[in-house]
Each structure stands twice: as structure tokens, then as C-alpha cells.
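Written below as C-alpha cells is the structure these notes are about.
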Amino acid sequence: MRIEYDRDTCIGMFQCVAEWDAFERDEDAGKAVLVDSEEAEDDLFVREVPADAELDAKFAARACPVDAIRVYDDDGEQIV
């Protein structure tokens, strides 16, 4: 499972931070940070989701009020 986070879309509500500890607050920027991610494109961060964190990653994506987080299964299909 893979998660993508669009930092440019983020409005800093930090709902994702409450759902999964892979997201942290960046108070200076007013946006979340996806820990241990790689920047695939400008402001688009990607990382693999550990098997024991799949539910948390889905909750983080669903909690985002601006849909800045997307979750994909191992076949590349978007599931959240």
C-alpha cells in the first residue's frame, strides 16, 4: 500500500496528524509533514504504508477536509 500527500493542497487542519503518527505538524508552514516520504513531484510526497499502519493511513486520508491525501493498494488502484 502507498500513500500520496499533496502538501500544496493542505490547509493545515492537522486531522491527519490525529489519525496517523506518520503525519506531523509543521507549525511554521501551517501544513502537515509526511514523515519518511520522498518528494515525487513538487509538493507531492509519497511513501509505502507498513502493513500494521494501513488502517491508520486510510483514516488519515478520509479525515483530510481537502482531500490532500490519497491511498493506493498494491495494484496501484486508489482506495481512498
Sparse-neighbour loop sites [GluC sites (Glu not before Pro); segment 21-69; at most 16 other C-beta within 10 Å; DSSP]: Glu27
Residue-normalised accessible area of the chain, expressed per residue, 1.4 Å probe, Å²: 59
Cα-based convex hull volume of the chain per residue, rounded to whole Å³: 80
Across segment 35-80, what fraction of all alpha-carbon pairs, as a whole percent, falls in each successive 5 Å bin from zero upward? 5, 20, 28, 32, 14, 1
So the carbon and sulfur contribution to the accessible area of the chain, 1.4 Å probe, in percent, is 40
Going by alpha carbons, how many degrees (0 to 90, nearest 10) lie between the helix axis of 54-63 and the longest principal axis of the chain? 50
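The values are calculated or read from the model by the stated rules, or taken from the named source; none is laboratory data. Being a predicted model, the structure only gives us computed values, none of them experimental. Using ideal geometry, Cβ is built from the backbone for each residue, glycine included, and neighbour counts are taken over all protein chains shown. Calculation scope for accessible area: heavy atoms of the full protein, side chains included, ligands and nucleic acids excluded. Shrake-Rupley method; radii C 1.70, N 1.55, O 1.52, S 1.80 Å.
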